[in-house]
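S.K.: Here it is, the structure in full.
The values are calculated or read from the model by the stated rules, or taken from the named source; none is laboratory data. Since we're looking at a predicted model, the values are computed, not measured. Every residue, glycine among them, receives a Cβ derived from its backbone with ideal geometry; neighbour counts consider all protein chains shown. Side chains are part of the model used for accessible areas, which takes the heavy atoms of the whole protein and leaves out ligands, DNA and RNA. Shrake-Rupley method; radii C 1.70, N 1.55, O 1.52, S 1.80 Å.
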Amino acid sequence: MSTPGSDHTLARGIQRITAASLGPYQSAVVRIGISATYFLFLLREIPHRHEMYGPEAPWRWDMAQQLISGNQAFTTLMWSDSAVWFEIVYALALVASALLLVGWHTRAMSVLFMAGVLSLQNRSIFMGDGGDNVIHLMAIYLVLTRCGQVWSLDARRARRSAGAGPAPGGVGVAGPLLWVAFGAVLCGATVTDSLGGTTWLPVFFWILWIGHGAWWAVNRYAPDSEPRTLLDVIANLAHNATLVVIMAEVCMIYATAGWYKIQGSRWQDGTALYYPLNLDYFTPWPWLSDLLAASGVMVMVLTYATVAVQVAFPFTLFNRRVKNVLLVLMICEHAGIALLLGLPFFSMAMIAADAVFLPTVFLMWLGGQASHGRDLLLRRRGKVPGPRDGAEAEDGVGVGVGVGVEDGAGAAVGAEDREAPQRRDGGGHTLVG
């Protein structure tokens, strides 16, 4: 039998997860980090793109087609073996990464980004260093989050439209054009059965497409109606549930990595780090690797510390201070991997995923510092930001549209937004908003 106190707690819990999108700053950092990682990766591999994913790849197109016919993976590169089509897909993946990074029509770009990541990675499954798996997963998760509420062009556009007064869905034509273009591609892919042969994938894409069309229509013609409230609740639930999944995914990555290391004899005797430091493939700075490998004590300490941090991290989420300390240690560990082992994109992807646990206060301070640095740069160039520019700076790189408090897991719980129209619009995070 329930008590009034328990009923009140349950009601508050339901209100908390349906009334607001939690962790707006954390989800924004994950979006920026993952998209920046893939954008820089694609830029670096432009000279080698044909050998990695294109017509000259050792994993030939017919071999990839044979594999995909069995595992039903999604990749648009199987729609044609034309070199021109490959260039189009590669260019779209590059553009989608850049636009998702800056938060331009975030939901549309998150879908295009996911399609680009899956298309390239599923075309050549042997190309990767571990970070590709993280990007693969996060690209799917970002589609279901409202990751453009802060630090995005969408947030700035929403603030401008709130100040100007028009309905949230009635600004600009880029969104509707994107929606129509995506619908045309989706129709063609569905008719030709080009979505990987699975049942759930076409359904997933169609639900996204129809849902965002309905979102735009309700925003424009009935912004204060009950259907608008219902859609907002659904979006918040999807965002919050996905944020929990991202946290669980990061914990599982570290837990499994740590426990598998414990079972290895080289990790048990403290010498595991010595071997990659002496492999030419993993020594971009040989003199630095030799210096570290020459110290047996340092190798042993770093080897044991790596295992201890990875195994312990999931259990530290119940203590904010200990969690933050281990989070700093893991970020330093990945920075060391990037420097010593020459795996920058793996490290960037892991740091971006770790960012979901960063404290809100720290992220707001970081945004404020970035905004301050932007203002100083503009002053040096002779352009002093006015009141409107200052507001835009907040949305673009600063504190922005809400205040969050940190919960026990290190994610943010968004408080009431300062701008009611901003909250209603979801930070400009709709596909056609």
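S.K.: Rounded, prolate or oblate: which fits the stretch 190-268, taking a ≥ b ≥ c as square roots of the Cα gyration tensor eigenvalues, rounded meaning a/c under 1.5, else prolate when a/b beats b/c? Don't skip to the answer; put the middle values down first.
M.R.: On the way: a/c = 6.23, a/b = 1.88, b/c = 3.31.
The shape class here is oblate.
S.K.: Here's another thing I want to ask about it. If contacts are Cα pairs under 8 angstrom and at least 6 residues apart, what is the relative contact order of the stretch 193-325 in percent?
M.R.: Numbers: 72 pairs, mean separation 29.4, N = 133.
Reported relative contact order: 22 percent.
S.K.: Let me ask something additional. Using a probe of 1.4 angstrom, how much of the accessible area of the stretch 312-388 is carbon and sulfur, in percent?
M.R.: Details: 2960 of 4260 Å².
Looking at the stretch 312-388 in its full context, I get 69 percent from C and S.
S.K.: Taking every eigenvalue of the Cα gyration tensor of the stretch 1-106, multiplying by 5 and rooting it, what semi-axes result, largest first, whole Å? Before the final figure, lay out the partial values.
M.R.: Working: eigenvalues 384, 79, 22 Å².
Listed largest to smallest, the semi-axes of the stretch 1-106 are 44, 20, 10 Å.
S.K.: Relative contact order for the stretch 261-389 using alpha-carbon pairs under 8 Å, separation at least 6, rounded to a whole percent? Walk me through the intermediate numbers first.
M.R.: Details: 91 pairs, mean separation 25.4, N = 129.
This gives 20 percent for the stretch 261-389.
S.K.: State whether the stretch 238-286 is rounded, prolate or oblate according to the following rule on the C-alpha gyration tensor (a ≥ b ≥ c being the square roots of its eigenvalues): a/c under 1.5 gives rounded; otherwise a/b larger than b/c gives prolate, and the remaining case gives oblate. Let's see the in-between values first.
M.R.: Values: a/c = 6.02, a/b = 1.94, b/c = 3.10.
Verdict is oblate for the stretch 238-286.
S.K.: Then there's this: Keeping all protein chains in position, work out how much accessible area D232 exposes to a 1.4 Å probe, and write it in Å² to the nearest 10.
M.R.: Number for this one is 20 Å².
S.K.: At a 1.4 Å probe radius, carbon and sulfur cover how many percent of the accessible area of the stretch 63-159? Display every interim value, and only then the final one.
M.R.: On the way: 2150 of 3310 Å².
Whole-percent figure for carbon plus sulfur exposure: 65.
S.K.: Considering only protein heavy atoms and a probe of 1.4 Å, how much of the accessible area of the stretch 174-304 is carbon and sulfur, as a whole percent? If you can, show how the numbers build up before the last one.
M.R.: Values: 5620 of 7570 Å².
With neighbouring chains kept in place, the figure for the stretch 174-304 is 74 percent.
S.K.: Relative contact order for the stretch 21-101 using alpha-carbon pairs under 8 Å, separation at least 6, rounded to a whole percent? Don't jump to the answer; show the numbers that get you there.
M.R.: Working: 38 pairs, mean separation 37.7, N = 81.
Answer for the stretch 21-101 is 46 percent.
S.K.: Moving on to the next point. At 4 °C and 1.567 mPa s, grab the translational diffusion coefficient of the stretch 38-77 from Stokes-Einstein with a Kirkwood Rh over Cα pairs, rounded to a whole number in µm² per second. Intermediate results must be reported in sequence, preceding the final value.
M.R.: Details: Rh = 11.2 Å.
Taking Rh from Cα pairs, D becomes 116 µm²/s.
S.K.: So, with +1 on the Cβ of K and R and -1 on the Cβ of D and E, and no other charges, what is the size of the charge dipole of the stretch 1-91 about its Cα centre, to the nearest 20 debye?
M.R.: 500 debye
S.K.: So, one more: Would you work out which of S35, A20, L67 lies farthest towards the positive end of the dipole of the stretch 1-96, given +1 charges on the beta-carbon of Lys and Arg and -1 on that of Asp and Glu, about the Cα centre?
M.R.: Value computed over the given set: A20.
S.K.: Oh, and also: Under the classification rounded if a/c is under 1.5, otherwise prolate if a/b is larger than b/c and oblate if not, where does the stretch 278-381 fall, given a ≥ b ≥ c as square roots of the Cα gyration tensor eigenvalues?
M.R.: On the way: a/c = 2.75, a/b = 1.36, b/c = 2.02.
Here the stretch 278-381 falls in the oblate category.
S.K.: As a test of reading the structure, rank F113, F182 by solvent-accessible area (1.4 Å probe, protein chains only), most first.
M.R.: Working: F113 5, F182 50 Å².
Reading off the accessible areas and sorting them downward yields F182, F113.
S.K.: Of the peptides 62-71, 29-38, 305-314, how do they stack up when ordered by the mean number of other Cβ atoms within 10 Å, highest first? Each step should come with its number before you reach the end.
M.R.: On the way: 62-71: 13.1, 29-38: 24.7, 305-314: 18.4.
Sorting 62-71, 29-38, 305-314 by mean packing, highest first, produces 29-38, 305-314, 62-71.
S.K.: Express the accessible area of the stretch 1-136 per residue in Å², computed with a 1.4 Å probe while the remaining protein chains stay in the model. Mind dumping the intermediate values first?
M.R.: Working: 6130 Å² over 136 residues.
Spelled out: the 1.4 Å probe surface of the stretch 1-136, per residue, equals 45 Å².
S.K.: Highest mean first, what order results for 138-146, 104-112, 119-127 on Cβ atoms within 10 Å?
M.R.: Working: 138-146: 23.2, 104-112: 25.6, 119-127: 19.3.
Those peptides, ordered most packed to least, come out 104-112, 138-146, 119-127.
S.K.: Students often get this wrong: which residues of the stretch 266-282 have the backbone nitrogen under 18 Å from the point 7 angstrom along Cα-to-C-beta of D129?
M.R.: Zone members listed by number: 273-282.
S.K.: While we're looking at this one, here's another question. Taking the highest mean first, how do the peptides 342-349, 239-246 order by number of other beta carbon atoms within 10 angstrom per residue? Please report the intermediate quantities before stating the final value.
M.R.: Numbers: 342-349: 21.8, 239-246: 20.1.
Final packing ranking: 342-349, 239-246.
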